[in-house]
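First up is the structure itself, then whatever we jot down about it.
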Amino acid sequence: MALGSLNWAYPDALHVRTAVWQAEDVGILPPRVQPSPAGPLAFYRAAATMTRFGARLADARAPGTELAISVVLIPQVMWTRYQIGPEGTHTTTHADGPAAGDLVVVTGEKVMRAILDGRLNGAEAERLGLLRLYDRDGQSAAARAVMMRAGSQDRVAAGASGTTDF
């Protein structure tokens with residue numbers, strides 16, 4: 001039910017799942033593990049990943065900017081909201097959802113880990129359909145830029161990490 005509502009509110013959001021499966025099949029993302037781990041440990045792992053990304057957002061923000069980004073991980077439909085201001089970034093994991101004016105990002109936990117580990121950057125993830133950005137007010141250009149900078153750290157050379165540069 002939650003995934004259907006998400007796709008209604010954010011058209012084509014569920015295309016991210018297909019893009020993740022395709023990226024797993026061609027080796028861009030690690031292969032699927034069956035069955036997927038669930039329960040409290042999975043929640044804490046996802047929350048830790050999103051908190052790490054919040055620190056990356058703090059590093060990527062422009063001084064003096066105030067903006068908000070809400071990221072939803074699918075298929076679990078776990079929301080994390082980042083409020084970025086002069087004092088830094090405040091991360092709220094397991095948030096109720098986005099606030100009005102937030103840049104909304106739909107992606108998967110595996111994609112966020114790949115970005116954090118430097119195997120993928122935000123622009124590549126967006127190009128491959130591994131994350132989708134929704135800016136309803138047309139006023140989140142700054143948030144989008146911070147999101148892309150946060151996910152654009154230099155990656156480890158392909159030969160040293162076993163990943164491919166695509």
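Every residue in segment 89-118 that is open to solvent by 10 Å² or more (accessible area, probe 1.4 Å) and in contact with a helix residue (DSSP H, G or I) (Cβ under 6 Å, 6 or more places away or on another chain), please.
Correct list: Thr89, Thr91, Thr93, Glu109, Arg113, Leu116.
Please go through segment 74-88 and give me each residue that is polar (S, T, N, Q) and open to solvent by 40 Å² or more (accessible area, probe 1.4 Å), ordered by number. Please lay out each step first, then the result.
Residues of segment 74-88 polar (S, T, N, Q): 76, 80, 83.
Answer for segment 74-88, where residues must be polar (S, T, N, Q) and open to solvent by 40 Å² or more (accessible area, probe 1.4 Å): Gln76, Gln83.
Quick one: Pro63 ticks every box in (1) of a type outside the set (S, T, N, Q); (2) open to solvent by less than 40 Å² (accessible area, probe 1.4 Å); (3) modelled with pLDDT under 85 except a single one, so which number is it?
(2)
Based on what the data block shows, is Phe53 in a helix (DSSP H, G or I), of a type in the set (Phe, Trp, Tyr), closer than 25 Å to Tyr10 by Cα and without any contact (Cβ under 8 Å) to a residue 60 or more places away in the chain? So that I can check it myself, show each step before the final result.
Working: in a helix (DSSP H, G or I): yes; of a type in the set (Phe, Trp, Tyr): yes; closer than 25 Å to Tyr10 by Cα: yes; without any contact (Cβ under 8 Å) to a residue 60 or more places away in the chain: no.
No; evaluated as a whole, the condition is false for this residue.
Which one of these is assigned to a helix (DSSP H, G or I) and at pLDDT below 95: Ala145, Ala99? If you could, list the steps in order and put the result at the bottom.
Numbers: Ala99 fails: assigned to a helix (DSSP H, G or I).
Going through Ala145, Ala99 in turn, the sole match is Ala145.
Of all residues in segment 62-96, which are in contact (Cβ under 8 Å) with a residue 60 or more places away in the chain and outside any strand (DSSP E or B)? Even if it seems obvious, please write down each step before you answer.
Step one: filter segment 62-96 for residues in contact (Cβ under 8 Å) with a residue 60 or more places away in the chain, giving 62, 65, 67-69, 72, 74-75, 77, 84.
Answer for segment 62-96, where residues must be in contact (Cβ under 8 Å) with a residue 60 or more places away in the chain and outside any strand (DSSP E or B): Ala62, Thr65, Ile74, Pro75, Val77.
Among the residues of segment 125-148, what is the count of those that are touching a residue at least 60 places away in the same chain (Cβ under 8 Å) and touching a Gly at 6+ places or on another chain (Cβ under 8 Å)?
Count: 4.
Does segment 44-55 hold any residues that are surrounded by fewer than 19 Cβ atoms within 10 Å (Cβ to Cβ) and either touching a Gly at 6+ places or on another chain (Cβ under 6 Å) or not β-branched (Val, Ile, Thr) (or both), and which are they?
Within segment 44-55, Tyr44, Arg45, Ala47, Ala48, Arg52, Ala55 meet the criteria.
The values are calculated or read from the model by the stated rules, or taken from the named source; none is laboratory data. What you are looking at is a predicted structure, and each value in this text was computed from that prediction instead of being measured. Cβ coordinates were reconstructed from backbone atoms using ideal geometry, including for glycine residues, and neighbour counts include every protein chain displayed. We work out accessible area using only protein heavy atoms, side chains counted, and drop any ligands, DNA or RNA first. Shrake-Rupley method; radii C 1.70, N 1.55, O 1.52, S 1.80 Å.
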